[in-house]
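The values are calculated or read from the model by the stated rules, or taken from the named source; none is laboratory data. Owing to the predicted nature of the structure, the values given are computational and were not obtained by experimental measurement. We place every Cβ from the backbone using ideal geometry, glycine too, and count neighbours over all the protein chains shown.
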Amino acid sequence: MAKNLIVLSDQERFFSLLIDDGEVSKIKVERRGATRLVDSIFKGKVKKLVKGMDGVFVDIGLEKEAYLPIKQNCKKNGEEIKPVRVGEEVLVQVVREPVGEKGAKLTSRIRLVGKYLIYLPNANDVKFSSRLEEEDRERLKAIAIEVLPRYGFSCGVIFRRHASKASEEEIIKDIDSLKRLWLKILKKFSAQKKPGLLLEEYPNYIKMIKDHWYELGEMVVDNPYVWNDIVSFLEEFEPSLVKKVVYVKDVSAYINRYRIHDTFRKMLSKYVWLRGGGYIVIEETEAMTVIDVNSGEPYGESHEENALNTNLEAAKEIAKHIMLRDIGGIIVIDFIDMKRQENRDLVIRTLQESFGEEACNVQIYGFTRLGLLEMARKKSGESVSSLLTESCPLCKGRGKVRGKSLLAFELEKDLRRESHGVIDLHVNPQSADTVRSVIEKNGFKYVNMVEDANVEYNDYEIHYRT
């Protein structure tokens, strides 16, 4: 089944959703007008050496200085290319957004993503997506060995899975395009006097297109600016896909078809129920994410068999929710205890396979002596669930509730669908300012807001007048 891209918007944010097999499988949220940091390229200036941290702090023009690990400036054998000095100008790429008190994290190993490959201007490797067959790898490697020396300087490539369908001419065209982009970046780096942005990354909805290309069936957007942005991008890089972009002002049918509101609400809960009766508890903290697996009704005749069956079901669901919630960093999973090593290995293998094309961003370290599974996923910023939730004011931060941004988004979509008569909108008094802003910005004159303490915080109830 083809994947679909749905891009929804409100007054402040864009929500990019990937639909896979009829369900939301990935969500990306970004604020309108905000500078996109991850994968963007900056000119920086080294401000401070920190030997104990084996890195340097760099001014890239943001409010907080960013962190660049020294190891990023070393060759694979550990031999340092050159010492880093305070005041030195550096060309860097952001790999993680600022989080809390921490500034952005940088790398000097620049990566430029094309249609069929990733261009590595500071490397000389030829690598491949794990999803490419051996026959494709041999063909692409032969092309790279023949083509790369023509460029007169050291560079490397990572062939993406889409390269399996690409001709030699298309591969060369991709390399040429990325090389020209790299030369423009170098020219701008030399001309720009102060630390700052050199190349801003594409919006999330464009990045999703670049990740899936021909797998996408329909691309639905509810914003004319986004429609124009996507069409302009496709006209330049893949005109055949332009016909798949659809502008729909009222997207309520798509929201209902793919149960988008239900997906958002599930993400607010730390509990995930399994079909076998068990459940998962997901706890996100600043340091790590802890996931607990609990058993339900017995699957099999023995405890070991029951534990294995529950853990296998949980492993698939855990991978799904890690990707859906965009959880990154350190993740510790407390599966139900199993005595047999072959069963533990099967759970690890199932978890790894459940990440699918995302497996390259995941590292599973195995079970500890205490029976906890340790893993890590590439972290580029805050998880989606943390962006859409906030601390509960009633329990003083021990729990999470729907955030004001999600309240505004869902409310705007629901009110547009209800524009056929006067309605009374009951809201919690603590949410009144957010709701009032949505009503005023969108001109919902048929909505009468009623403050009601019986309505849950950051929720609402629609009452129809008879």
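Any idea how many residues of the range 419-437 are of a type in the set (A, V, I, L, M, F, W, C) and farther than 21 Å from Arg465 by Cα?
So the answer is 0.
Considering only the range 370-466, give the strands (runs of 3 or more DSSP E) lying wholly within it that have at least 3 residues that are within 26 Å of Lys320 (Cα to Cα) and not hydrophobic (A, V, I, L, M, F, W, C).
Once the strands (runs of 3 or more DSSP E) in the range 370-466 are filtered for at least 3 residues that are within 26 Å of Lys320 (Cα to Cα) and not hydrophobic (A, V, I, L, M, F, W, C), what remains is 389-391.
Among what's in the range 422-466 and is over 33 Å from the mean Cα position of the chain (by Cα), surrounded by 12 or more Cβ atoms within 10 Å (Cβ to Cβ) and among the charged types (D, E, K, R), pick the residue that is farthest from Thr389 (Cα to Cα).
Checking each candidate, the answer is Asp424.
Which residue out of Asp250, Asp229 is under 24 Å from the mean Cα position of the chain (by Cα), over 30 Å from Glu101 (Cβ atoms) and among the acidic types (Asp, Glu)? Give the derivation first.
Details: Asp250 fails: under 24 Å from the mean Cα position of the chain (by Cα).
Every option except Asp229 fails the conditions.
Outside the structural domain of Leu178 (by TED's automatic domain parsing) and touching a Leu at 6+ places or on another chain (Cβ under 9 Å): does that describe Asn311?
Values: outside the structural domain of Leu178 (by TED's automatic domain parsing): yes; touching a Leu at 6+ places or on another chain (Cβ under 9 Å): yes.
So Asn311 fits the description; yes.
Given the residues Glu456, Glu357, Glu418, which is the only one that is assigned by TED's automatic domain parsing to the domain that holds Ala287, modelled with pLDDT under 90, within 30 Å of Ser25 (Cβ to Cβ) and out of contact with any Pro (no Cβ under 6 Å at 6 or more places or on another chain)?
It is Glu357.
With (1) more than 22 Å from Leu387 (Cβ to Cβ); (2) surrounded by fewer than 19 Cβ atoms within 10 Å (Cβ to Cβ); (3) within 27 Å of the chain's Cα centre (by Cα); (4) of a type in the set (A, V, I, L, M, F, W, C) as the list, and Leu346 as the residue in question, which single condition is left unmet?
Only one criterion is unmet by Leu346, namely (3).
From the set of residues in the range 80-105 that are more than 19 Å from Glu200 (Cβ to Cβ), in a strand (DSSP E or B) and under 32 Å from the mean Cα position of the chain (by Cα), which is modelled with the lowest pLDDT? Please lay out each step first, then the result.
So the first thing to find is which residues in the range 80-105 are more than 19 Å from Glu200 (Cβ to Cβ), and the list is 80-89, 99-102.
Restricting the remaining residues to those that are in a strand (DSSP E or B) gives 80, 89, 99, 102.
Those left that are additionally under 32 Å from the mean Cα position of the chain (by Cα): 89, 99, 102.
On the way: Glu89: 96, Val99: 81, Lys102: 86.
Only one residue tops the list, namely Val99.
So, in the range 213-233, exactly how many residues are within 25 Å of Ser129 (Cα to Cα) and surrounded by fewer than 19 Cβ atoms within 10 Å (Cβ to Cβ)?
4
Suppose we keep only residues that are more than 29 Å from Leu5 (Cα to Cα) and surrounded by 13 or more Cβ atoms within 10 Å (Cβ to Cβ) within the range 189-204. Which one would you say is nearest to the chain's Cα centre (by Cα)?
Gly196
Residues that are closer than 22 Å to Ala34 by Cβ and of a type in the set (Ser, Thr, Tyr): which helices (runs of 4 or more DSSP H) entirely in the range 192-260 hold 1 or more of them?
Output list reads 204-212, 224-237.
Name the strands (runs of 3 or more DSSP E) wholly inside the range 7-66 in which the number of residues that are within 17 Å of Tyr254 (Cβ to Cβ) and in contact with a strand residue (DSSP E or B) (Cβ under 7 Å, 6 or more places away or on another chain) is 1 or more.
The qualifying strands (runs of 3 or more DSSP E) are 13-20, 23-31.
Condition check: buried (at least 20 other Cβ atoms within 10 Å of the Cβ) and either farther than 18 Å from Gly371 by Cα or touching a residue at least 24 places away in the same chain (Cβ under 8 Å) (or both). Does Val293 satisfy that?
yes
Consider only pairs whose beta carbons are under 7 Å apart and that are at least six residues apart or on different chains; among these, list those whose first residue lies in the range 40-58 and is free of Cβ contacts under 8 Å to residues at least 24 places away in the same chain and whose second residue is of a type outside the set (Phe, Trp, Tyr).
Pairs found: Val50/Val56; Asp54/Pro69; Asp54/Ile70; Asp54/Lys71; Gly55/Leu68; Gly55/Pro69; Gly55/Ile70.
Tell me, yes or no, whether the range 134-153 has at least one residue that is touching a residue at least 12 places away in the same chain (Cβ under 8 Å), surrounded by 13 or more Cβ atoms within 10 Å (Cβ to Cβ) and not in a helix (DSSP H, G or I).
No - not one qualifying residue is present in the range 134-153.
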